[in-house]
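What follows is one structure encoded as structure tokens, with my remarks underneath.
Each reported figure results from applying straightforward, stated rules to the coordinates on display, with no laboratory input. Since the structure is predicted, the reported quantities are computational estimates derived from the model, not experimental observations. Using ideal geometry, Cβ is built from the backbone for each residue, glycine included, and neighbour counts are taken over all protein chains shown.
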Amino acid sequence: MKQTYVYAHRGSSGTHPENTLAAFRAAIQCGADGIELDVQMTKDGEVVVIHDEQVDRTTNGEGWICDMTYAQLATLDAGSWFDPAFSNEQIPTLNNVLTICKDTNVMINIELKNDRIRYEGMEKLVVQKVRDYHMEKQVVLSSFFHESLTVVHRLAPELETAILYERPLREPWKQAIECHATAIHAPKQFVSSGYIIQAKKYRQAIRVFTVNIEKEMKELCEMKVDAIITDFPEQAIQIL
């Protein structure tokens, strides 16, 4: 059994525009074990795949996603900022991504981006979409807003959830248990052999982000983390 899995951070985002179907297809084709993506919600309640709360950085548009309809978002170019060759890429819906992953063995880590904007009903919508596609065993829901994971557990106790954090936490495994999560998605700088031992005592899976340096990939693999989350999955697969 494989020791450390490779998750593609926002798809193959080192070589493709992040959070686009092109990036996710590339990750699937190179053999990534999983993909990581971010979801926000539009004004008319569509769950869309994009990291930022505003479209400015990764499209040719401007504005807040929560103030725009999906029809407005669908007109934007989500690829040219990375390379003109990707000018046809759009902001995908969560449905779009679930569709291309449906008949694969690729795990899907859906990060609920509700730590800055509290999107009403996001948890319920995402859970329903996962159930509609019958992909409960293929999905992990994560969030920096840990209360959201408690909501997910109440709605769908069968779904795996994972806490995310960026600032030091004394005992993240205890916070994970408090919100019924079974995994910790941790920044690489906080992870050590001792950290892994403690997390395993609490039966927490450890997935580490964002790991793009070969030396760090190898070190984390030696520590037996459950997965690394990387912008360069093809490179990581060759190394691990």
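Between Asn88 and Glu214, the modelled label-to-label distance comes to 3.5 nm, taking each label 7 Å out from Cα in the direction of the beta carbon.
Kirkwood Rh and Cα-based Rg: tell me the resulting Rg over Rh for segment 11-135, rounded to two decimals.
For segment 11-135, the value is 0.94.
In terms of overall dimensions, segment 36-77 has a Cα radius of gyration and Dmax of 9.1, 25 angstrom. Between [x] 8, 33, 38, 19, 3; [y] 7, 29, 35, 19, 7, 3, 0; [z] 7, 23, 30, 29, 10, 1, which entry matches P(r) over Cα pairs in 10 Å bins from 0, in percent as derived from the coordinates of this structure? It is the one labelled [x]. Each Lys or Arg adds one and each Asp or Glu takes one away; over the other residues whose Cβ falls under 14 Å from the Cβ of Lys102, this sums to +1.
The ranking of Thr210, Thr75, Thr161 by Cβ neighbour count inside 10 Å, starting from the fewest, reads Thr75, Thr210, Thr161.
Residues whose amide H comes within less than 5 Å of that of Lys113, counting only those at least five positions distant or on another chain, are Val39 (H built at 1.01 Å from N in the peptide plane).
Inter-label distance, Arg167 to Ala74: 4.1 nm, where each label sits 7 Å from its Cα along the C-beta direction. Restricting attention to segment 5-239, lysine pairs at least eight places apart or on different chains and with alpha-carbon atoms under 19 angstrom apart total 19. Contact order, relative form, for segment 5-239: 20 percent (alpha carbon pairs under 8 Å, 6 or more residues apart, mean separation divided by residue count).
Along its three principal directions, the equivalent ellipsoid of segment 131-210 from the Cα gyration tensor extends over semi-axes of 22, 12, 12 Å, largest first. Beyond 12 Å, what share of the Cα-Cα pairs of segment 181-231 is found? Please give it as a whole percent. Counting every Cα pair in segment 181-231, those more than 12 Å apart make up 57 percent. Using C-alpha pairs below 8 Å separated by at least 6 residues, the relative contact order for segment 150-237 is 22 percent. Would you mind pulling out the separation of the Cα centroids of segment 100-115 and segment 33-92, in Å? Going from one Cα centre to the other spans 16 Å. Charged side chains reduced to their Cβ positions (Lys and Arg at +1, Asp and Glu at -1) give segment 5-239 a dipole of some 860 debye around its Cα centre. For segment 186-240, the set of chymotrypsin sites (Phe, Trp or Tyr not before Pro) satisfying both a DSSP loop assignment and a count of at most 16 other C-beta atoms within 10 Å is given as Tyr202.
Each of Cys66, Cys179 has some number of other Cβ atoms within 10 Å of its Cβ, and from fewest to most they run Cys66, Cys179.
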